[in-house]
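Undergrad: Before anything else, here's the structure in question.
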Amino acid sequence: MKDEYDGIIIGAGHNGLISAGYLARAGLRVLLIERHLEIGGGLDAHEGARSGFWHNVHSVNHRGVSDLMWYRDLQLTEMGQEYLQLPVTVAMLGRDGRALLWYAAEPERTASSIARYSAKDARAYLERHAEFAEMAREIFFVEQYSPPLPFEEKRALLQKSRAGRRYLEWQPYSINEAVSRMFENDAVRGMFAFLSVVRGFEVDSRGMGMVAAAAIGSGVQAQMSRGTSHKLAHSLHKMVVRAGVDLVESDPAARILTRDGRAAGVRTASGREFFARKFVMSGLNPQQTFLDLLEKKHVPAQFAARVERFKYSNTTPLFTLHLALREPLRWKAAESEPDVDKAFYLIAGLEGLGDIVSLYEDAQRGRLPRALQLIGAQPSVHDPSQAPPGQSTAFFWQVAPGELCAEEGGRERWDSIREVFSARCLAHLGQYATNLTPANIVSRFGLTPLDIERHLPNMRGGDIQVGEVSEAQFLDRRPFPECSQYRTPVPGLYLCGSSTHPGGNITGAPGYNAAGIVCRDLGIDPWWRPVDAATHWRNLAHREAGPPGDAEQAERS
């Protein structure tokens, strides 16, 4: 039948596209259903009010994407996708004119920058970088790209290897506690913690300390998609079309259809019905999937109550100031540290870890931030195709709660203060740049956390992680223990969005992992090589314990 498929995927964000590509190439007939005309979800870019200025309105830094397995497996380079490697990841601009730099792949240069703040911390950084590198590679990365194991099972495996014990040593702490144990200088602590803030982790939640350790061990491989972030969406679109995937665009899913209690299809808002012989997969958030799209009778009451309590973060929503400029911004700190002008991320207003603590207090109470800590970039400096010749685009994010408290006027107040808050961000940024003047600004606009939700409703309150990433909603508890393997209590229904392990950002991990689970459940031998974390960690322990060949023998047995 024309409208019958092996599987239907709701949502053509990058995770849905990745799952579709893998499953279609495994021989399944797959349909993608997307609410927007444009696909890609957070891979979003628009030309501004002035022609030639392109603004990446959501994701920008695609950390290490071109080195990931799904990027290679799905042959995205052959689809025309290009990535720019950025050697200086971040410059934290101080009010005193100094700058703290984190280099992408040059730990000695990072240490030299840290030494201007603390010689002891510079030595500690180099020691920690070497100490954590194996853990980041063999434990943390592997865990992201495989279905999460129950913690007790994981602990038993990790205790048997050096890298695993390192993970377990740091896991109990919060990210703030971890960086405080590693470093003594507040500015150094602040920089290492703030990049976890921007990635959407709850830095004050215990049980997350290994995130900070892994970041220091692996570095932050900043990358930009040449031709805006939306170019990756184009490349993924080409890939799924070549794989034989069908797409329905501009017609959101309105109901997940069931047959004998099993997910069996999707009805769209226009009334069209499509049927699925083997599976339905949702890239939407838990409330959309289980409470909005399914009939109440198909969702167990106790589970539905847990879905209603799924928590969204007030520390990941972002207010964004977008700028079109006649010339790139020049930074005061570059006068003493020229590499500031090579940095991708620029942080303005963060003096130390204490500022993050205050920011979180404000966000968690639903208050506008008392002090600003802007982080942003000038994409066209690194990719001139994103602005007219000689001119520039820039964006700067400010963490700000989507769910403003009643005393702040509630969430709807964002519409009335968009311009006022934009001006506040602009004035703050002007303290760090030498040429942020009215004459240099071609145009500007602000996007609020509420605007994020309007465009991407799965990001409730503007939560870019699609669910708080805290100890209670991380790893084998994300989004709920019974859904942590991408399966759900409804037979035939799977999840693949950012509300699942390991969370948001452009990682492709939820889509990659979910495709492997579907193949396993359907008895299909995957054409790629999905990571099995338990086997990998068992072999890691054997490599440490025995002569070469023991690990391979253990895997065969």
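The values are calculated or read from the model by the stated rules, or taken from the named source; none is laboratory data. Because the structure is predicted, anything quoted here is derived from the model rather than measured. Note: ideal-geometry Cβ built from the backbone for every residue, glycine included; neighbour counts use all protein chains shown. Ligands, DNA and RNA are stripped out before the accessible areas are found, and what is left, the full protein with its side chains, is counted by its heavy atoms. Shrake-Rupley method; radii C 1.70, N 1.55, O 1.52, S 1.80 Å.
Undergrad: State the Kirkwood hydrodynamic radius of the range 25-141 in Å, one decimal place, computed from all pairs of distinct Cα atoms.
TA: Evaluated over the range 25-141, this radius sits at 18.5 Å.
Undergrad: What lysines could a cross-link reach from LYS278, if we take a straight Cα to Cα line under 26 Å and drop same-chain neighbours fewer than 8 places away?
TA: Excluding near neighbours in sequence, the set is LYS2, LYS238, LYS296, LYS297.
Undergrad: Determine the alpha carbon to alpha carbon distance for each of LYS120/LYS154; LYS120/LYS342; LYS154/LYS311 and list only those over 30 Å.
TA: Working: LYS120/LYS154 34 Å; LYS120/LYS342 26 Å; LYS154/LYS311 25 Å.
Over 30 Å apart, Cα to Cα: LYS120/LYS154.
Undergrad: Rg and Dmax of the range 222-290, using alpha carbons, in Å: what are they?
TA: 15.4, 48
Undergrad: Give me P(r) over the range 64-128, computed from all C-alpha to C-alpha distances, binned every 10 Å, as integer percentages.
TA: Percent of pairs per bin, in order: 19, 34, 22, 19, 6.
Undergrad: With runs of 4+ DSSP H residues as the only contributors, calculate the mean residue ellipticity of the chain at 222 nm using -39,500 (n - 2.57) per run, divided by the residue total and rounded to the nearest 500.
TA: On the way: 19 runs with 190 residues, N = 557.
Using -39500 (n - 2.57) per qualifying helix, the result is -10000 deg cm²/dmol.
Undergrad: Now for a different question. Please name which of GLY13, TYR432, VAL280 has its Cα lying farthest along the dipole of the chain towards the positive end, using unit charges on Cβ (Lys, Arg +1; Asp, Glu -1) and the Cα centre as origin.
TA: Most positive-ward Cα: VAL280.
Undergrad: Right, next: Working from the alpha-carbon coordinates of the range 416-557, get Rg over Rh, Rh being the Kirkwood radius. Write down the numbers at each step before the final one.
TA: Details: Rg = 23.3 Å, Rh = 19.5 Å.
The Rg/Rh ratio comes out at 1.19.
Undergrad: Now, a different point. Sort out for me the Cα centre separation of the range 326-384 from the range 465-505, rounded to whole Å.
TA: 31 Å
Undergrad: Looking only at the chain, where both bridge partners belong to it, what percent of the DSSP beta bridges are antiparallel (to the nearest 5)? Mind showing how you got there, number by number?
TA: Details: 42 of 65 bridges.
The antiparallel proportion sits near 65 percent.
Undergrad: Rounded to the nearest Å, what's the spacing between the alpha carbon centres of the range 116-160 and the range 412-449? Just the number, please.
TA: Measuring centre to centre over Cα atoms gives 39 Å.
Undergrad: Of all the accessible heavy-atom surface of the chain, with the other protein chains kept in place and a 1.4 Å probe, what percent is carbon and sulfur? Present the calculation step by step, with values, prior to reporting the outcome.
TA: Details: 10260 of 21040 Å².
Exposed carbon and sulfur together represent 49 percent of the surface.
Undergrad: Can you compute the charge dipole magnitude of the chain about its Cα centre, using +1 on each Lys and Arg Cβ and -1 on each Asp and Glu Cβ, nothing else charged? Give it in debye, rounded to the nearest 20.
TA: 440 debye
Undergrad: Ok, one more. When N counts the residues of the range 137-191, how does its alpha-carbon radius of gyration compare numerically with 2.2 N^0.38 Å, as a ratio? Before the final figure, lay out the partial values.
TA: Values: Rg = 13.4 Å, N = 55, 2.2 N^0.38 = 10.1 Å.
Ratio of Rg to 2.2 N^0.38 Å for the range 137-191: 1.33.
Undergrad: Could you list the trypsin sites (Lys or Arg not before Pro) in the range 256-344 that lie in coil according to DSSP, counting only those with at most 10 other Cβ atoms within 10 Å of their Cβ?
TA: Loop-located and lightly packed - ARG309.
Undergrad: Follow-up question, since we're still on this one. Once you have the Cα-Cα distance between GLN75 and GLU327, take 0.36 nm times their residue separation minus that, and quote the gain in nm to one decimal. Each step should come with its number before you reach the end.
TA: Values: separation 252, 0.36 × 252 = 90.72 nm, distance 3.65 nm.
Extra length from GLN75 to GLU327 when fully extended: 87.1 nm.
Undergrad: With a 1.4 Å probe and every protein chain left in place, work out the accessible area per residue of the chain in Å², rounded to a whole number. Numbers along the way, then the final one.
TA: Working: 21040 Å² over 557 residues.
Accessible area per residue: 38 Å².
Undergrad: What are the extents of the Cα atoms of the chain along their three principal axes, listed from largest to smallest and rounded to whole Å?
TA: Largest to smallest, the principal-axis extents are 67, 61, 48 Å.
Undergrad: With Rg and the Kirkwood Rh both taken from Cα atoms, where does Rg over Rh land for the range 320-382?
TA: Values: Rg = 14.2 Å, Rh = 13.6 Å.
Rounded to two decimals, Rg over Rh is 1.04.
Undergrad: Using the Cβ atoms and a cut-off under 9 Å, what net charge is assigned to the surroundings of PHE183, where Lys and Arg are +1 and Asp and Glu are -1?
TA: Numbers: positive: LYS120, ARG128, ARG181, ARG189; negative: ASP121, GLU184, ASP186.
Once positives and negatives cancel, what remains is +1.
Undergrad: Can you give the accessible area of ASP6, probe radius 1.4 Å, in Å² rounded to 10?
TA: 20 Å²
Undergrad: Give me the orientation-averaged projected area of the Cα convex hull of the range 373-443, in nm², one decimal. Could you put the intermediate results ahead of the total?
TA: On the way: hull surface 23.7 nm².
Reported value for the Cα convex hull: 5.9 nm².
Undergrad: Just to be sure I understand the curve: with the Debye formula and one point per C-alpha of the range 346-393, what is log10 I(q)/I(0) at q = 0.18, 0.23, 0.27, 0.30 Å⁻¹?
TA: So the normalised log intensities work out to -0.63, -0.75, -0.91, -1.05.
Undergrad: Treating the beta-carbon of each Lys and Arg as +1 and of each Asp and Glu as -1, no other charges, what is the dipole magnitude of the range 405-557 about its Cα centre, to the nearest 20 debye?
TA: 280 debye
Undergrad: Viscosity 0.890 mPa s, temperature 25 °C: what is the translational diffusion coefficient of the range 78-236 from Stokes-Einstein with a Kirkwood Rh over Cα pairs, rounded to a whole number of µm²/s? Walk me through the numbers on the way to the answer.
TA: On the way: Rh = 16.9 Å.
D, rounded to a whole number, is 145 µm²/s.
Undergrad: Considering the dipole of the range 404-463 built from charges on the beta carbon (Lys and Arg +1, Asp and Glu -1) around the Cα centre, which of GLY409, ASN458, THR448 is farthest to its positive end?
TA: Positive-end residue among those listed: THR448.
Undergrad: What is the spin-label model distance, in nm, from HIS455 to SER385 if the labels are put 7 Å beyond Cα along the C-beta direction?
TA: 2.0 nm
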